[in-house]
Amino acid sequence: MTTAITVSGLHKSFGRTHALDGLDLSVESGEVHGFLGPNGAGKSTTIRVLLGLLRADRGAARLLGRDPWHDAVELHRRLAYVPGDVTLWRNLSGGEVIDLYGRLRGGLDPARRAELLERFELDPTKKGRAYSKGNRQKVALVAAFASDVDLLILDEPTSGLDPLMEEVFQECVGEARERGRTVLLSSHVLSEVEALCDRVSIIRAGRTVESGSLADLRHLTRTSVSAELAAPPNGLSRLPGVHDLSVQGTRVRLQVDTDKLDPVLRQLTESGVRSLTSTPPTLEELFLRHYQTDQGDVPAARRTEAAAR
Amino acid sequence: MSALAATRSGSSHLTGAGPLTRLALRRDKIMLPVWVYALSVSVVSTALSLEKLYGTAAERADFARSMSANNSLRALYGPVLGDSVGALTAWRMMAFGAALTGVMSLLIVVRHTRDEEETGRQELLSSAAVGRRAPLTAALCTALTANILVAALIAGGLAAVGQGAAGALALGLAIGATGMVFAGVAAVAAQLTESARLARGITAAVIGAAFIVRAAGDASAAGGRSPLLWLSPLGWPEQVRPYAGDRWWVLLLPAALTAAAALGAYALTARRDLGAGLLATRPGPAAAGRALRGPYSLAWRLQRGTLLGWLAGLAFAGAVFGAVAHGAADIVGDNERTQDIFERLGGSHGQAGLTDAFLATITGMLGLTAALYATGSVLRLSGEEADGRAEPLLACAVGRLRWAAGHLVIAFAGTAAVLAAGGLAMGLAYGATAHDISGRLPRVLAAVLAQTPAVWALTGVTVLLAAALPRYATAAWGVVGAALAVGWIGPMLNAPRWVMDLSPFGHLPKLPGPVGSAAPFLWLTALAVALTAAGLYGLRRRDVG
């Protein structure tokens, strides 16, 4: 497999704000790559650098083997971009905007355009100001999915879409993958990422903190275990990888690094297991773990909330 | 709000009007004082300069007689109703002052009603404890505040410089009340359309029509006796006759029309949904036509309406001034100081050159007006960028230069087109009144078109700001405003040469007249090219979005 997007050591400052602080990103051709991070982590800044709208201060970025700044126009014939907040011209109809974007890219497949309008239930005759937020997103999504391009760059593209449309969106991304297109999907909708993405990169404060397949990432995080034992446990706290251990008589709750699960189970069976639930980490927990690091009190509250769910 | 909430029973529709009015005044804290100051100071300073120019009663009587006799001038300014300084000030400023106060009111009202709904800000506000009628009430209260200030400052200012207090109050109230009429018209227009731009256009067209009806009435009969004057709200101020009898009861007319328009607007508000207009917006085409295929056709599509409006506006102004020009020698008459001012503005000497001097003055004004068009047109670039519409376009296969060029071609070519329209209309009207179209039209048209390089030089500054330094793009209005101030007010104040030279217009020969060297045209054009190139160079290198 070739690499569609390579970013290494990317730096970008706006005044005193360091938006990107040595960011790395690698997206293989033909994969759907999830791009995750809290607000202000630098996702949109990275995407703007990849689109040649911003010039990086330091570091390297290659898009489809070329330089995103110098070869912007040639590259843009081969990609489609959907921003998180689409603004339209007030006196142009949605259909006109879709065609305009198509013509300004590599071209538009008319049959696919018609099919997408139907699936997204979008009226193309409305003027820009008459569309709701979700419908403005649909205009950009139809234009992107109907374009004949190799790469889709989607920056929180489903904000404002209802769950039915979210499903249509997921189908469209799936079809794009089947056609061999590469998708970079920045998103906060974790179910969407979980359903669509082959690999994900998590960034925080302008740096990549985790990158790999979801299975890889799960492996790095903790499984929560709660058990009702025949006798009070012993030695659990000495085991490596055990966190947040709480023992109330014969009831045990703990978190364990997923690759250290085996010794914990052995230790538990020694005391006799009456019941046991073990929950693999959700993407949300994985996510929160990275979002929360060094953020003070609020995340702690969020963590209990997440655990309660 | 608590006071309003307390009287809830009958007026819950108005709940929140108080805080909304304060919000509107706070948002307008720069725009509103600038308008009020400019309108009132221009009236008071006119009185001062008239007093200086025509110090004796005999001079004023002579001036008033020659003004009254000239049909074109009556059409432009209205009738001269007396020969006191106050009456002459009213004559000179009333029609334009009232129309401009109307423009101020329309901008205020639409900005706080339809603009708020169109951008979606009103939705959030209306979800709070805000009654259905509160936003319109707040907008009208803001307009009322502005108009009261205009009336008070005109009345107070004229009284303070020694013109009679009663006449001063009549003039102030006549202008302020007319402003409120158009606030009412704007309130209705804002209910009709979904687009703020269209609401502004409708109200501006009503003001224009009112001006034409008044001008026709004044042209047809001297002394304000035409019945047409009673049909136009812009004819009412002269019926008030400030400094010439002060007919106070006439003020009831604008008050009644304002009240009727406001009630109509309230009734319309009650019948429609938030964000909707009463005139349904027609659906657009489901697919783009062949023509819409690149940055040039897109820019044309976005700017053509505005360009057509400016073409019509400058053609109208050119025709009006062209029609007056033939009598210009009579206007200036024997008064030496007025001749002097015209000569400084227009550059020519002697009675024979006076018409040329007048034409040159108007030509310069058309040039300055065209600069306003060009600035607005170039600033579409920064508007597109700030509103987030440039980013997805530039993420298509559209280079930055092509994107910018689409708008810049329209700005530069549109400047020439707008000047050509003004020059053509002025030349035709002047030629028709002088019965010599073939002789006068080419001279006038060439003179107006010769302004183009100076407008382009100013436009170049705007391009540099909008393309290379978008954060400071609005400073372009300041640059154009300074050029306007130097060009319009400088000659009156007898400003030194170096001040006049700060404006690119100061370097052009006074045309029509002897052309002299071609050098200024060439280097102004070169300056425009250099500034534009510098702006585009910056655009290629900077971050976008």
Might you check whether a residue that is at pLDDT 95 or above and open to solvent by 30 Å² or more (accessible area, probe 1.4 Å) occurs anywhere in region B:172-187? yes
In region B:121-145, what residues are within 26 Å of the chain's Cα centre (by Cα) and without any contact (Cβ under 8 Å) to a residue 40 or more places away in the chain? B:144
Taking the condition crowded, with 20+ Cβ neighbours inside 10 Å and in a helix (DSSP H, G or I), does residue A:254 pass? no
Exactly one condition in (1) modelled with pLDDT of 90 or more; (2) within 14 Å of residue A:189 (Cβ to Cβ) is false for residue A:152; which is it? (2)
From B:89, B:46, residue being in contact (Cβ under 8 Å) with a residue 40 or more places away in the chain, on the phi < 0 side of the Ramachandran plot, crowded, with 22+ Cβ neighbours inside 10 Å and β-branched (Val, Ile, Thr): B:89
In region B:233-249, which residues are open to solvent by less than 10 Å² (accessible area, probe 1.4 Å), assigned to a loop (DSSP other than H, G, I, E, B) and over 15 Å from residue B:164 (Cα atoms)? B:234, B:235
Condition (residue is acidic (Asp, Glu) and not assigned by TED's automatic domain parsing to the domain that holds residue B:198) applied to region B:319-330: is it met by at least one residue? yes
If you take the residues of region B:193-224 that are assigned to a helix (DSSP H, G or I) and polar (S, T, N, Q), which of them is least open to solvent (accessible area, probe 1.4 Å)? B:203
Within region B:370-398, how many residues are open to solvent by less than 20 Å² (accessible area, probe 1.4 Å) and in a loop (DSSP other than H, G, I, E, B)? 4
If you go through region A:219-239 one residue at a time, do you hit one that is outside the structural domain of residue A:200 (by TED's automatic domain parsing), in contact (Cβ under 8 Å) with a residue 40 or more places away in the chain and among the acidic types (Asp, Glu)? yes
When region B:386-407 is checked residue by residue, the ones that are more than 7 Å from chain A (Cβ to nearest Cβ) and either under 17 Å from residue B:537 (Cα atoms) or hydroxyl-bearing (Ser, Thr, Tyr) (or both) are B:400, B:401, B:402, B:403, B:404, B:405, B:406, B:407
Considering region B:104-115 alone, what residues qualify as being at pLDDT below 90 and either open to solvent by 10 Å² or more (accessible area, probe 1.4 Å) or under 22 Å from residue B:73 (Cα atoms) (or both)? B:115
Only one residue in B:274, B:253 is surrounded by fewer than 19 Cβ atoms within 10 Å (Cβ to Cβ) and within 14 Å of another protein chain (Cβ to nearest Cβ), so which one is that? B:274
Please give the number of the condition residue B:423 fails out of (1) farther than 20 Å from residue B:466 by Cβ; (2) surrounded by fewer than 23 Cβ atoms within 10 Å (Cβ to Cβ). (2)
Yes or no: region A:158-180 includes at least one residue that is touching a strand residue (DSSP E or B) at 6+ places or on another chain (Cβ under 8 Å), open to solvent by less than 20 Å² (accessible area, probe 1.4 Å), at pLDDT below 95 and not in a helix (DSSP H, G or I). no
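The values are calculated or read from the model by the stated rules, or taken from the named source; none is laboratory data. What you see is a predicted model; the values in this text were computed from it and never measured. Here the Cβ is made from the backbone with ideal geometry for all residues, glycine too, and neighbour counts use every protein chain on show. These accessible areas exclude ligands, DNA and RNA; they are computed on the full protein's heavy atoms, side chains included. Shrake-Rupley method; radii C 1.70, N 1.55, O 1.52, S 1.80 Å.
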